[in-house]
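Structure record follows, encoded as C-alpha cells.
The values are calculated or read from the model by the stated rules, or taken from the named source; none is laboratory data. Here the structure is a predicted model, which is why all the values come from computation and not from measurement. For neighbour counting, all protein chains shown are included, and Cβ atoms are generated from backbone atoms with ideal geometry for every residue, glycine included. Quick note on the areas: whole protein, heavy atoms, side chains included, nothing else; ligands and nucleic acids left out. Shrake-Rupley method; radii C 1.70, N 1.55, O 1.52, S 1.80 Å.
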Amino acid sequence: ETHFQVVEPGRPNVIAMYTTADSGRQRTDDLRPSSVVSRPTLMFEGHTDVVTEGDPALWTDPPFSATVRNGRIYGRGANDMKAGLVCALIATKAIARSGIRLNGDILIGALCDEEGQMIGVKHFVESGWADRASAAIICEPEENHLCIAQKGVMWIRAIIRGVMPHGAMPLTGVNTAYPMARF
C-alpha cells in the first residue's frame, strides 16, 4: 500500500506499508491510533529533502544533475539521503519477492523534510503513522558506520514551582534550582 500525505504544496510524505497476505490486516486509510494493528512493524525511515547546494560553481558537476560517472552517481542528495531510501525500497522488494512469511509488517516513510523545520516527520507522527512502528531503521548515512542509537529531538515543558523567601528568612523559601538540577 502506498499513501501520499501532502504536508505542504509540492512536499508530500510518501508512506508504504508491506504486509504479508496472511497478516489478517485489511487495507485502511484510517490513521487514528486506535486503528493501529498490534502486529510488530519494522520501519525504514529517510527524508527526501537535501541541504542547500551552496555555490554551484564549486561543484565538479551541476549539483542537481545526478551525473553518473564510473559507476557512481554525483549530485546533491545522492548519498544523503536518497541512497538510504533506495536501499529500504530494494530490501522490502526483495522480501516481498522472496515469499518469506514475516512475523510482522514493514513500513517505509520517505518524509519530505528533515533538513529544515522537520515538517515531514512532525506530520507523520501527528497523523498516527509512527504509532505503528515497533522498531525503526533510520537510513541516514553516518560516515559508513552502523549506529545502534541516534540522538533525537524532544520538546518538553517543565514547571518547577518555588517559594520566594524574605532575605532575612531564607529558609522559609523553596529554591527551584535543586529540583530543576535533579530533573
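A few points about this structure:
- Every residue from region 96-110 that is at pLDDT below 95, open to solvent by less than 50 Å² (accessible area, probe 1.4 Å) and among the hydrophobic types (A, V, I, L, M, F, W, C): Ala96, Leu102
- Output for region 45-95, where each listed residue is small (Gly, Ala, Ser) and either in a loop (DSSP other than H, G, I, E, B) or surrounded by 13 or more Cβ atoms within 10 Å (Cβ to Cβ) (or both): Gly46, Gly54, Ser65, Ala66, Gly71, Gly75, Gly77, Ala78, Ala83, Gly84, Ala88, Ala91
- Failed criterion for Ala158 (all others in (1) touching a helix residue (DSSP H, G or I) at 6+ places or on another chain (Cβ under 9 Å); (2) farther than 30 Å from Val7 by Cβ hold): (2)
- Screening region 35-44 for residues that are of a type in the set (S, T, N, Q) and at pLDDT below 90 and picking the one that is most open to solvent (accessible area, probe 1.4 Å) gives Ser38.
- When Ile160, Ile137 are checked against the criterion of being in a loop (DSSP other than H, G, I, E, B), surrounded by 10 or more Cβ atoms within 10 Å (Cβ to Cβ) and at pLDDT 90 or above, a single residue qualifies: Ile160.
- Cβ-Cβ under 8 Å pairs, at least 6 apart or on other chains, region 124-136 side under 15 Å from Ala16 (Cβ atoms) and charged (D, E, K, R), far side open to solvent by less than 30 Å² (accessible area, probe 1.4 Å) and not in a helix (DSSP H, G or I): Arg132/Met17; Arg132/Thr41; Arg132/Met43; Arg132/Asp105; Arg132/Leu107
- Count of residues meeting criterion [more than 23 Å from the chain's Cα centre (by Cα) and touching a residue at least 12 places away in the same chain (Cβ under 8 Å)] in region 71-101: 2
- If you filter region 163-183 down to residues that are free of Cβ contacts under 8 Å to residues at least 12 places away in the same chain and either open to solvent by less than 60 Å² (accessible area, probe 1.4 Å) or of a type in the set (Asp, Glu) (or both), you find that the one that is farthest from Asp105 (Cα to Cα) is Pro165.
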